[in-house]
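Report on the structure given below.
The values are calculated or read from the model by the stated rules, or taken from the named source; none is laboratory data. Everything numeric here is computed off the predicted structure, so don't read it as measured data. Reconstructed Cβ throughout: ideal geometry from the backbone, glycine too, with neighbour counts over all protein chains shown.
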């Protein structure tokens, strides 16, 4: 009886904690769906779709694959899909004539947004690896299901991220918050920057220093 009483008291104390955790998780999930309706975005995304070529440097891309492929195995079991994701992330972040995106940052964003699940759909309807809103394909003469394709989703997502980086003068924290639709809040941007610094560095231009600097800057360190 004494043991049962103790267990009951522990369970009653655990309920509020579990409930609070669930509310926090739901709040974070709800924030992960930027409406992506900035007026200037349509031409940017359309341009990314029509210029679907891959621009790579052979040596740098080889380093990229060698460093990142083992890390991606933890979440993507299909080797063909792993290679496709890595290829498209590398190509889109190094698109000729466009602002360079740190590929580790994009990997971190995907990790936080969808956990590399191309079939992921948020409560607000955002779809795929980079959680792109479903109105984009319709505006661009495409089909919604194309957002589950690795290449199309990454082209749109990277184009949108570039747009916000330019708008925010390359402040990663503010651009990420706008991408996610959580401007004024730090939870999402901090999660992406920390994931970048902790897990997806090594093949960016500054060998990981860029990620560390971005995290320090965003946290005021």
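Odds and ends about this structure:
- Subset tally (residues that are over 16 Å from the mean Cα position of the chain (by Cα), under 19 Å from residue 110 (Cβ atoms) and in contact (Cβ under 8 Å) with a residue 12 or more places away in the chain) for the stretch 138-156: 0
- Just one residue in the set 106, 112 is part of a helix (DSSP H, G or I), in contact (Cβ under 8 Å) with a residue 40 or more places away in the chain and either surrounded by fewer than 24 Cβ atoms within 10 Å (Cβ to Cβ) or over 16 Å from the mean Cα position of the chain (by Cα) (or both); that residue is 112.
- The stretch 187-221, subset outside any helix (DSSP H, G or I) and modelled with pLDDT under 50, residue nearest to residue 168 (Cα to Cα): 221
- Residue list for the stretch 51-101, filter: part of a helix (DSSP H, G or I), at pLDDT 85 or above and loosely packed, with under 11 Cβ neighbours inside 10 Å: 70, 80
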